[in-house]
Amino acid sequence: MKKIVYLLMAFTLVFTTACDPMEDVYDEIGDIEKVITGDVAFELSDDDYDFLEQGYGNFSSTDDAKELIPALLEDKYPVWGAGSLAAVTFKLYNPKRTEKSLVVYKVASSDYADLGFTYGNFSSFEQIVTFLDWKYPNPADRVLVALTYKYYNGSVNTVKNGFIYVSGEWQFLQGFTRDEYNQMGENYDNFTSKTVAEKRIPIFLKDYLKYETVETGDIQPIMYNIYQTDYDDIDGDGKTDDKTAYSYAFYCIFDGNAWVEYENIINETIQFGNDGSVWVPDNTINYTLTAADYELVGNGRYGNFDVRAGKAEETEEVRLEKINTILLNNFPASEEGQKYSVDYNVYSGAAEVWNMKVILSGGAYVLQ
């Protein structure tokens, strides 16, 4: 009986003092933190604006967007960590102001002379602004000046364009010639109504600007004329029951295919990056080295960097120097603070793809 007790005690001792053979493995796994990253581009939906409590379905400033969108990204991508990127397109309220008052004026010969324009014309926007500041030293906000003047651009022509004063500066609005009004179906250098004008102008612009380089989101400011009752005595004849030409500001935006009336909303895109704890605005550009890039820095034969011990690109400093050469060559217009996440091929005994994150600082790229 005593022997059995000793055996049981010994058996129990073995089990109470033995180690779990997987314990060290579990500890190592626990020490490894797997970072999940992602890269996405999307446009905010109505539901997204509701989540962000933006009742009008747009933001009033880019600062508001930068402040609020990170909460949405945290909700959409809760498991994404450091290095994740999200390019978010959103609607931004960006009003273009129309006129509150109107002045119609034709520049006289004496005006050019008084300002020292000896050729009797203007030849730049800056010269016109000089005249406007001289003629109207204290303009009312959003006053529209429908200005007829002589302009030199290879030859001297008399033109009529608009200049609207908004938030302390003069802004140009393109006017139309009589021939251009004729092309839009009018007999004179004006429209018969706003409805007609704002329907025909966007259609006309596609042909009018066909030789210009235009991109989606470009805004074209326009001034057009309507022949109407002169309620404000714009022509200065002392009568308010006759008719004369009134000028109006109008804006069109190119949607990628056609010109349409601008409704004070533009699309903006901001890229956000996850820094490991929060989403922040981030200008990182993802870039993968090409065959031409390797050729540029003397690695064209194999199209990679040799990072084996004792080889040319073993050290990070050498690889950074070569990536500097490539980025400065390929993107000479990059501004201070621009970030790149660069994927490049290496040979370490096996073919691999490594990554280097850099930022432009003081004219050179440094590690982030």
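Residues of region 345-368 falling in the label zone of S277, defined by backbone nitrogen less than 20 Å from a point 7 Å along Cα to beta-carbon, are 368. Structural descriptor for region 299-359: relative contact order 33 percent, calculated from alpha carbon pairs under 8 angstrom and at least 6 residues apart.
Multiplying the residue separation of T98 and T130 by 0.36 nm and removing their Cα-Cα distance gives an extension gain of 9.3 nm.
A viscosity of 0.692 mPa s and a temperature of 37 °C, combined with the Kirkwood radius over C-alpha pairs in the Stokes-Einstein formula, give region 101-265 a diffusion coefficient of 192 µm²/s. Hull volume per residue, based on the alpha-carbon atoms of region 36-75 and their convex hull, is 81 Å³. Taking label positions 7 Å along the Cα-Cβ direction at both A351 and E316, the computed distance is 2.6 nm, reported to one decimal. Every pair of different Cα atoms in region 261-328 enters the Kirkwood calculation, which places the hydrodynamic radius at 15.3 Å. When the chain is treated as a GNM with alpha-carbon contacts under 10 Å, the residue of S84, S247, S348 showing the greatest mean-square fluctuation is S348. In terms of overall dimensions, the C-alpha atoms belonging to region 116-186 reach 38, 30, 13 Å along their principal axes, ordered largest to smallest. Using the alpha carbons alone, the radius of gyration of region 211-341 stands to its Kirkwood radius in an Rg to Rh ratio of 1.34.
Per residue, the average separation of C-alpha pairs within less than 8 Å and at least 6 apart gives the chain a relative contact order of 13 percent. The Cα trace of the chain gives Rg and Dmax of 33.8, 132 Å, the first to one decimal, the second as a whole number. Counting 0.36 nm for each residue step from T216 to K243 and taking away their Cα separation leaves a gain of 5.8 nm. For region 175-302, the relative contact order works out to 19 percent when only alpha carbon pairs closer than 8 Å and six or more residues apart are counted. Compute the distance from the alpha-carbon center of region 98-165 to that of region 184-205, in whole Å. Their Cα centres are 24 Å away from one another.
Once the Cβ-Cβ distance of S167 and E295 is raised to the sixth power relative to R0 = 41 Å, the FRET efficiency obtained is 0.20. Sorted largest first, the principal axis extents computed over the alpha-carbon atoms of region 151-221 equal 34, 33, 27 Å.
A Förster distance of 51 Å, applied to the separation of the beta-carbon atoms of T288 and I265, puts the FRET efficiency at 0.90. In plain terms, the residue of E336, E261, E198 with the fewest other Cβ atoms within 10 Å comes first and the most crowded comes last, giving E336, E261, E198. Legend: Rg and Dmax of region 201-265, from Cα coordinates, 16.0, 47 Å.
How long is the gain from Y152 to K206 if the chain were fully straight, where each residue apart is worth 0.36 nm and the alpha carbon distance is subtracted?
Stretched out fully, the Y152 to K206 stretch lengthens by 16.9 nm.
When its C-alpha radius of gyration is set against 2.2 N^0.38 Å (N residues), region 283-367 gives a value of 1.04.
Restricting the calculation to Cα atoms, region 247-295 shows an Rg/Rh of 1.27 when the hydrodynamic-style radius is the Kirkwood one. When the alpha carbon gyration tensor of region 55-125 is reduced to an equivalent ellipsoid, its three semi-axes come out at 53, 17, 8 angstrom, largest first.
Bear in mind these aren't lab numbers, they're just calculated from the coordinates by the rules spelled out. Note that this is a predicted model, so its numbers are computed, not measured. Counting neighbours? That spans all protein chains shown, and the Cβs are built from the backbone with ideal geometry, glycine included.
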